[in-house]
Structures are given as C-alpha cells and as structure tokens.
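The values are calculated or read from the model by the stated rules, or taken from the named source; none is laboratory data. Everything quoted here is computed from the prediction, not taken from an experiment. Neighbour counts run over all protein chains shown; Cβ positions are idealised from the backbone, glycine included. These accessible areas exclude ligands, DNA and RNA; they are computed on the full protein's heavy atoms, side chains included. Shrake-Rupley method; radii C 1.70, N 1.55, O 1.52, S 1.80 Å.
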Amino acid sequence: MKTSNTSPILKNAKKAFQIEIDALQKTKDRLDNNFIKAVKLLAVSNKVIVSGIGKSGIIGQKMSATFSSTGVTSVFLHPVEALHGDIGMVQPKDVAILISKSGNTEELIKLIPYLKMQNAKMIAIVGNTDSHLASHSDIVIDASVEMEACPFNLAPTASTTTTLAIGDALAVCLMIERKFTLQNFSKLHPLGQIGRNTNLCVKDVMKKINDIPILSPKAKLKDAIIIMTEKPLGCVCITNLDNKLLGIITDGDIRRLLQKATHLDDILSIELHKIITSKPVTITPDATLIEALALMENRKNQISVLPVISLNKLVGLIRIHDVVGK
C-alpha cells in the first residue's frame with residue numbers, strides 16, 4: 001500500500017515528533033547549575049533510589065535500570081510500597097530521585113518525611129518548580145513542558161520523553177564523572193551482543209589463515225572469482241611470499257569491474273595488483289569486537305571485512321557477520 005506525505009496520519013505523527021523535539025530542546029537550554037549539583041551528589045551517593053507513580057514511575061524504573069547498567073547502585077522504590085515496609089531499603093547517604101509532572105503527587109509527598117528521617121538527599125524532577133515536592137527537595141530539575149503531544153494535552157507524552165532524556169543525561173554524565181570504562185561496562189553486560197562485543201577479541205572469532213582466500217599479486221581476476229567461490233568470505237587477500245598483506249579485492253570491487261567491462265575476457269585476465277585496494281583498513285588479533293565494529297561502520301563508506309594483521313603478517317580475516325554473532 002502506497003503512503004503519501006500528505007496523509008493525515010503522517011501529519012499527526014510528525015506533529016507529535018515535533019512537539020517532543022521542541023520540548024527536549026527547551027529542556028536542554030534550561031539545564032543549569034542544579035543539574036551539575038545533581039550529578040555531583042549522585043556521584044558520591046551510597047545508592048540511588050528512584051520513585052514515581054503512574055507513567056512517571058515507568059520512566060523511573062527505566063532510569064534506575066540505566067543507572068544500574070552503568071555502574072551506579074540503584075533501585076526503584078514504589079511510593080505506596082515504600083510506606084508498607086519498603087522504606088527500609090533507604091540508608092544514610094542514599095539519594096532519592098522523585099519524579100512528578102505536577103510536583104504535588106500525594107504518594108510522593110507522603111514519602112518525603114520518611115526519606116528525611118533516613119537522612120537521604122532528594123532530587124526532584126518536576127514539571128512544576130513551585131510545587132510542594134520542589135520546595136522540599138535538596139535539588140530541583142525543571143522538566144516542565146508547554147504542551148503534551150496528546151491532542152487533548154493530557155496523556156503524558158512530551159513530559160515523559162523529557163524526563164527520560166534528563167535521566168539519560170544524568171546517567172551519561174555520571175559515567176564520565178565516575179570514570180566508568182568500557183571494561184567496567186562489559187563486566188556488567190556479560191551476555192547478549194553488548195557482552196560479546198566488549199568481552200571477545202578479534203582472535204576469538206576471526207577466520208584463520210588456512211580458511212582465507214589468498215592469492216599473489218600476479219594472479220588473475222578469474223582466479224580471484226574462483227577462490228572466492230570456494231571460500232566465500234567476501235574478499236580475497238593479496239600477499240607476497242612472506243605473507244605480508246599487499247591489498248584486498250572484495251565482492252563489490254569485482255561486481256563494479258564487471259559492470260564497467262566492455263570485453264569480459266580482457267577484464268578476467270587482468271592481474272590483481274592492478275586493481276586491488278592497497279593499504280586496506282586492518283585490525284590486530286587482540287582488538288575487541290567493538291573496536292572491529294567501529295572500524296567497519298564509523299566511516300563514510302562502510303566495509304564488511306577486515307584483514308587481521310600481527311607482526312606485519314596476515315593471520316586472519318574478520319567479517320561483520322562474525323562480529324554480530326550467530
């Protein structure tokens with residue numbers, strides 16, 4: 001089914017996006033010394049407790065999970081459950097982040113005296129800086145929005161997006177403030193693609209030298225096509241007798257050559273040293289998979305294979321398929 005840019009559905013979707021983009025821009029412009037104080041306070045906290053109810057609570061749960069995944073001890077505390085015993089998790093030097101659009105959420109207001117009894121500091125992320133919650137907190141971060149994306153200006157949309165972005169910004173700044181490293185991150189994400197990319201090295205997944213299509217610079221293009229068919233890894237490596245990499249030629253290179261060829265026999269007989277990519281991007285065996293992925297993707301023209309070089313010799317080949325796992 002064809003869609004049109006004049007479709008009322010797309011028009012409404014883009015309007016919702018724009019309202020939330022505008023809200024984020026205004027929140028970014030409002031960030032001030034209170035945000036700095038919040039980051040400094042969170043950096044020395046014993047534990048970060050995040051609390052909110054309704055949609056704010058859902059955002060709070062994500063915020064707490066992000067803190068935990070980036071090395072900050074954090075829990076989500078439901079404000080109602082808190083007053084039925086869960087307040088016992090609060091300890092001195094803890095910092096509580098209280099989230100409320102109105103700043104007058106009854107359940108959070110009831111929680112304030114008990115947080116103070118436990119000597120916990122409070123950071124309010126509120127849509128109303130003149131509210132009860134704001135006036136009783138140690139630090140206030142303004143999360144107000146002019147309007148929600150909801151057509152009735154009721155359903156939390158722009159306000160929850162703004163609060164989520166504030167939480168992400170706090171987490172990112174805390175990572176930098178606490179000098180949280182890639183090694184720290186990988187220890188907290190041992191499974192899944194993140195764990196794989198940060199814990200495994202190129203040598204753990206690369207194709208070994210005997211499995212790589214390799215030819216001499218004097219070999220012909222037709223030889224390259226044959227060996228790449230036998231060992232379909234997306235390229236053929238060109239080396240000298242000492243196994244020093246001279247260049248590569250990829251599937252894409254061959255397709256482009258054949259498309260331009262006027263006489264097929266002539267192009268198939270061309271020697272590889274005349275058409276290879278010399279000085280290709282390479283990587284070492286001890287580099288992490290995340291480094292390999294960055295080398296492949298963070299460039300104007302992405303590549304899908306990297307020759308692996310050790311002591312100036314070709315020892316393997318890694319493809320993007322090897323990085324992203326099975």
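Key figures for this structure:
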quantity: Carbon plus sulfur fraction of accessible area for the stretch 224-326, probe 1.4 Å, in percent; calculated: 53
quantity: Accessible-area composition of the stretch 115-185, carbon plus sulfur, in percent [1.4 Å probe]; calculated: 57
quantity: Gap separating the Cα centres of the stretch 306-326 and the stretch 134-164, nearest whole Å; calculated: 48
quantity: Solvent exposure, largest accessible area first (probe 1.4 Å, DNA, RNA and ligands not counted), of C150, C173, C235; calculated: C173, C150, C235
quantity: Cα centre as origin, Lys/Arg/Asp/Glu Cβ charges: the stretch 29-101 dipole, Debye; calculated: 160
quantity: Förster radius 25 Å - calculated FRET efficiency between K274 and I209, Cβ distance, rounded to 0.05; calculated: 0.50
quantity: Dipole of the chain [Lys/Arg +1, Asp/Glu -1 at C-beta], most positive-end residue of T181, Y114, V305; calculated: V305
quantity: Solvent-accessible area of M228 with every protein chain in place, 1.4 Å probe, in Å² to the nearest 10; calculated: 20
quantity: Exposure of I303 as accessible area (Å², to 10), given a probe of 1.4 Å and all protein chains; calculated: 50
quantity: Lys/Arg +1, Asp/Glu -1 at C-beta; the chain dipole; positive extreme among A149, G103, I283; calculated: I283
quantity: Using a Förster distance of 25 Å, the FRET efficiency for K260-N301 (Cβ separation, nearest 0.05); calculated: 0.90
quantity: Heavy-atom surface of the chain, accessible at 1.4 Å and reported per residue (Å²); calculated: 56
quantity: Label point at V324 placed 7 Å out along Cα→Cβ; residues across the stretch 215-252 whose backbone nitrogen lies under 18 Å; calculated: 233-235, 251-252
quantity: GNM result for the chain, Cα springs below 10 Å: residue of L221, L257, L24 fluctuating most strongly; calculated: L257
quantity: Within the chain: Cβ-based charge dipole about Cα centre, in debye rounded to nearest 20 (Lys, Arg +1; Asp, Glu -1); calculated: 760
quantity: For I97, distant residues with modelled amide H under 5 Å away; calculated: I49, V50, S51, I123
quantity: Simple Cβ-charge dipole of the stretch 73-163, Lys/Arg +1 and Asp/Glu -1, about Cα centre, in debye nearest 20; calculated: 240
quantity: Exposure of K14 as accessible area (Å², to 10), given a probe of 1.4 Å and all protein chains; calculated: 120
quantity: Solvent-accessible area, 1.4 Å probe, carbon plus sulfur percent, for the stretch 39-101; calculated: 59
quantity: Computed FRET value (nearest 0.05) for K28 with S68, which takes r as the C-beta separation and R₀ as 30 Å; calculated: 0.75
quantity: Using θ = phi - 60° and Karplus 6.51 cos²θ - 1.76 cosθ + 1.60, couplings along the stretch 33-42 (whole Hz; Gly, Pro as x); calculated: 4, 4, 5, 4, 4, 4, 4, 4, 5, 5
quantity: Pairwise centroid distance, computed over Cα atoms, of the stretch 84-106 with the stretch 48-64, Å; calculated: 10
